Amino acid sequence: MKYFSTRGGDQELSFEETVLTGLAPNGGLYIPVEIPSLPSNWETEWKDYSFVDLSVAILSLYISREEISELELRDLVAKSYAGFRHPYVTPLRKLGEKKYVLELWHGPTWAFKDVALQLLGNLFEFFLKRRNARRMDGGTDKLTVVGATSGDTGSAAIYGLRNKANISIFILHPKGRVSPIQEAQMTTVTDANVHNLAVKGTFDDCQDIVKSLFSDIQFNATHHLGAVNSINWARILAQTVYYFLAYFHLRKEIQSEVQFVVPTGNFGDILAGYYAKRMGLPMSAHLGVATNANDILARFWKTGRYEKVDSSPELPVSDGKQGTQDASGVKETLSPAMDILISSNFERLLWYLAFETVEDASDVNVRRAKAGDIVDGWMLKMKKDGKVEVPVTVLEFARRDFCAERVSDEQTLETIKSQFLGSPSYVVDPHTAVGLTAAARMANYNSLSTVQIILSTAHPAKFSEAVSQALQGSSQFDFNRDVMPEEFKGLLQKDRRVIDVERPDVELVKKVIEGYV
Ligand SMILES: *Cc1c(COP(=O)(O)O)cnc(C)c1O
């Protein structure tokens, strides 16, 4: 299997190159030259597969045997999920007759990003080891992973890469501006290859520094910078697996239509569901995009306009008060991992929409080239004007597979509360609550027999503020007793290692990195 850029060009990459490169030089994201179909016997053959078995079966369709043998792949996958606390890795939990949540947070940092980043870390290590074994000059290929975080991604990346040979990881966070649990999760990892930089500044400052490092050709060439952000193809691929696992687990209980509803930010998690569907996983109901007040995607499905700022305030606002906006236009909400202005992985869906609706669709290579040109044009326009409007045929195509809803902070809190008071009583984190709220609205458009699976993306203990706020009036509720995992209790007391950066200054950060690698 080869991969190419959503913005066109003739470049075709192997899986290894795709994973190590991240973003294409022309600014595009890599997608597979074709979406593989499932083997004809998949449903009987795979039905009792474990998470690891399913990962091997699905990933094999996207990775040539010559690149990673089946044995090697099994080893990588098994290693990646051995540390998860649940034997199913991502178990399904029933909350109602037609409502299930898929718990994606049984990994080391208690959030769904572990599913992808545990595998990505092992893939990086595997590729580097092999490159070094093949080198004849005695030198060593190394990778320096640099990233900025406002919380979740940083800790999942650190746990994915800790203690990996020939890889150093530098994660910048705004000092004092991440939650105490998230800060503790990151800085209590004291492996020699892990470096936490607490930058005096904002998250945007951190992100700007990382961007300048990546665009510094000299620095990048010397240190072989690697990225772990959600545009990395391996992250999408790893996430397709749990859609299949959930499908099979549900089928053991009930034969019915299934709708997946996904709390969405950068569109990575739900895009994995789209690939699962395109491969042949039965999903006749729409994939449900659930956003918070940062609703660029919900607005797209309403209007066909992909725009940073809502230019049609005439649209009825039915969901109450929205969060406050920072200077860049991002609204701060109770579900911070979904606080985004634009969704980077959405570009991948746009490519498929462009490809399906290209006129004069004779030759697949011609269509592919045209789709690349179209996406390139849309993205340029987006960059220039902050908005782009797609033709109505494209919007119709998007509506065949997806529906979308926006959820306010107020509704998020209400849902946390009603689910806690419901039967079974179950405490959800604010991101999952966004999904649950959207799902309840989407159910009105489903057939009566459709069962919903809402992806639960974080453990509630990671977002104590929102959960406590929602449940403070409930006399039966005790955060420490009901939510706090034993593992978290000791975390705040553990030894930490963190490097203070006194100013948000790229030269200071460079010095730190150069001092360690
Ligand atoms: C990252 C994240 C999301 C959003 O996932 P995307 O793939 O960016 O759409 C939702 N919830 C939590 C807890 C996350 O960490």
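The values are calculated or read from the model by the stated rules, or taken from the named source; none is laboratory data. Worth saying up front: this structure is predicted, and the values here are computed from it rather than measured. For neighbour counting, all protein chains shown are included, and Cβ atoms are generated from backbone atoms with ideal geometry for every residue, glycine included. Just so you know, the surface numbers come from the protein's heavy atoms only, side chains and all, with ligands and any DNA or RNA stripped out. Shrake-Rupley method; radii C 1.70, N 1.55, O 1.52, S 1.80 Å.
Here are the numbers for this structure:
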item	result
Scope segment 227-253; condition at pLDDT below 90 and buried (at least 24 other Cβ atoms within 10 Å of the Cβ); matching residues	V228
Given (1) in contact with a Phe, Trp or Tyr (Cβ under 9 Å, 6 or more places away or on another chain); (2) at negative phi, index of the condition G280 fails	(2)
Whichever residue in segment 342-390 is of a type in the set (S, T, N, Q) and surrounded by fewer than 18 Cβ atoms within 10 Å (Cβ to Cβ) and, among such residues, is nearest to S230 (Cα to Cα)	S344
Tally, over segment 176-199, of residues that are surrounded by fewer than 19 Cβ atoms within 10 Å (Cβ to Cβ) and under 23 Å from V517 (Cα atoms)	3
Contacts under 7 angstrom Cβ, first residue in segment 132-156 being under 16 Å from N232 (Cα atoms), partner of a type in the set (D, E) and surrounded by 16 or more Cβ atoms within 10 Å (Cβ to Cβ), 6 or more apart	A156/D114
Extreme residue, farthest from the ligand (Cβ to nearest atom), among residues of segment 252-270 that are over 10 Å from the mean Cα position of the chain (by Cα) and among the acidic types (D, E)	E253
Residue among S150, S155 that is in a loop (DSSP other than H, G, I, E, B), out of contact with any strand residue (DSSP E or B) (no Cβ under 6 Å at 6 or more places or on another chain) and within 14 Å of the ligand (Cβ to nearest atom)	S150
Qualifying residues in segment 423-441 (those that are surrounded by fewer than 24 Cβ atoms within 10 Å (Cβ to Cβ) and closer than 23 Å to T333 by Cβ) - the one nearest to the ligand (Cβ to nearest atom)	V427
Any hit, segment 191-201, residues being among the small types (G, A, S), touching an Asp or Glu at 6+ places or on another chain (Cβ under 8 Å) and modelled with pLDDT of 95 or more	yes
Within segment 380-402, tally of residues that are among the hydrophobic types (A, V, I, L, M, F, W, C), out of contact with any Leu (no Cβ under 8 Å at 6 or more places or on another chain) and in contact (Cβ under 8 Å) with a residue 12 or more places away in the chain	4
Selection count, segment 211-251, where residues are within 16 Å of the ligand (Cβ to nearest atom) and among the charged types (D, E, K, R)	1
Residue within segment 495-516 that is at pLDDT 95 or above, under 26 Å from I169 (Cβ atoms), open to solvent by less than 60 Å² (accessible area, probe 1.4 Å) and part of a strand (DSSP E or B) present	yes
